[in-house]
Amino acid sequence: MHPNPMFHDAETEQNLNFARSRGFGVLAISCDGAPLISHVPFLLSQDGQWAELHLVRSNPIVKMLKNACPARIAVSGPDGYVSPDWYGVEDQVPTWNYVAVHLTGDLELRPADELRDLLDRQSAFYEAHLLPKPPWSTTKMAPETLERIMRMIVPARMRIRDVDGTWKLSQNKSIDAREAVAEHIKDGLGSELETLAVLMQG
């Protein structure tokens, strides 16, 4: 996370709501050598205590989870390059504005009999965002196909111990400079730039 405390002014609930609404992040655990990393969809409990997810059985992370293991889920949001020319102020340097939330805790495997319920809750959460499309559910699958798929994945959950967020939105600049960057960044380099511009103006 960025070391400047100015970019860490979001309340815990704001960070949790952001992570919950995204529902997708980069899971990392420490081990010998480089960290193991997987991109995973997850469900975050309403109280922010648990992140539930599933992993492909052959994922190297699964092999590390004989016991609960320290882990982190990094959730990325909109991001964009900031050109010094946009500030309207002399002697600036290039930077990157972005939103990111880290969930840190202990990851553990869960019993196989919890998998179907997890899959049903995950699909219901994501499908609800697609209304009025009729929601997809596991009941639309042939039982033998679903059973085969479920043998290939395992349920897991992370007990969350810490929540940290970086909302780097040019708060360290004047209001005029910040608004000038927000206007230019919409047509710049990055992802979800319109959303980033709105957050900068908020």
Legend entry - Residue within the range 5-17 that is touching a Ser or Thr at 6+ places or on another chain (Cβ under 9 Å), of a type outside the set (Lys, Arg) and assigned to a loop (DSSP other than H, G, I, E, B) present: yes
Legend entry - One residue from ARG148, ARG159 being open to solvent by 90 Å² or more (accessible area, probe 1.4 Å), assigned to a strand (DSSP E or B) and out of contact with any helix residue (DSSP H, G or I) (no Cβ under 7 Å at 6 or more places or on another chain): ARG159
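Quick check on ASP113: is it open to solvent by less than 90 Å² (accessible area, probe 1.4 Å) and outside any loop (DSSP other than H, G, I, E, B)?
Numbers: open to solvent by less than 90 Å² (accessible area, probe 1.4 Å): no; outside any loop (DSSP other than H, G, I, E, B): yes.
Here the answer is no, as ASP113 does not meet what is asked.
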Inset, instruction - Taking the residues in the range 32-45 that are of a type outside the set (A, V, I, L, M) and touching a residue at least 24 places away in the same chain (Cβ under 8 Å) as candidates, determine which candidate is surrounded by the fewest Cβ atoms within 10 Å (Cβ to Cβ). - result: PRO41
Inset, instruction - Can you confirm whether the range 117-132 contains a residue that is free of Cβ contacts under 8 Å to residues at least 60 places away in the same chain, over 24 Å from the mean Cα position of the chain (by Cα) and surrounded by 13 or more Cβ atoms within 10 Å (Cβ to Cβ)? - result: no
Inset, instruction - All but one of (1) part of a helix (DSSP H, G or I); (2) open to solvent by 20 Å² or more (accessible area, probe 1.4 Å) hold for VAL26, so report the exception by its number. - result: (1)
Inset, instruction - Consider ASP106 carefully, then state whether it is of a type in the set (Asp, Glu), surrounded by fewer than 18 Cβ atoms within 10 Å (Cβ to Cβ) and within 19 Å of ASP164 (Cβ to Cβ). - result: yes
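Here's the yes/no breakdown for (1) over 26 Å from HIS129 (Cβ atoms); (2) touching a strand residue (DSSP E or B) at 6+ places or on another chain (Cβ under 7 Å); (3) charged (D, E, K, R):
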residue	(1), (2), (3)
GLU13	no, no, yes
LEU36	yes, yes, no
SER45	no, no, no
TYR81	yes, yes, no
ASP85	yes, no, yes
Inset, instruction - Taking only the range 48-75 into account, find how many residues are open to solvent by 70 Å² or more (accessible area, probe 1.4 Å) and either within 21 Å of GLN14 (Cα to Cα) or not in a strand (DSSP E or B) (or both). - result: 8
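The values are calculated or read from the model by the stated rules, or taken from the named source; none is laboratory data. Predicted, not measured: the structure shown is a model, and the values here were computed from it. Cβ atoms come from the backbone with ideal geometry, glycine included; neighbour counts cover every protein chain shown. The accessibility values were calculated without ligands, DNA or RNA, using every heavy atom of the protein model including side chains. Shrake-Rupley method; radii C 1.70, N 1.55, O 1.52, S 1.80 Å.
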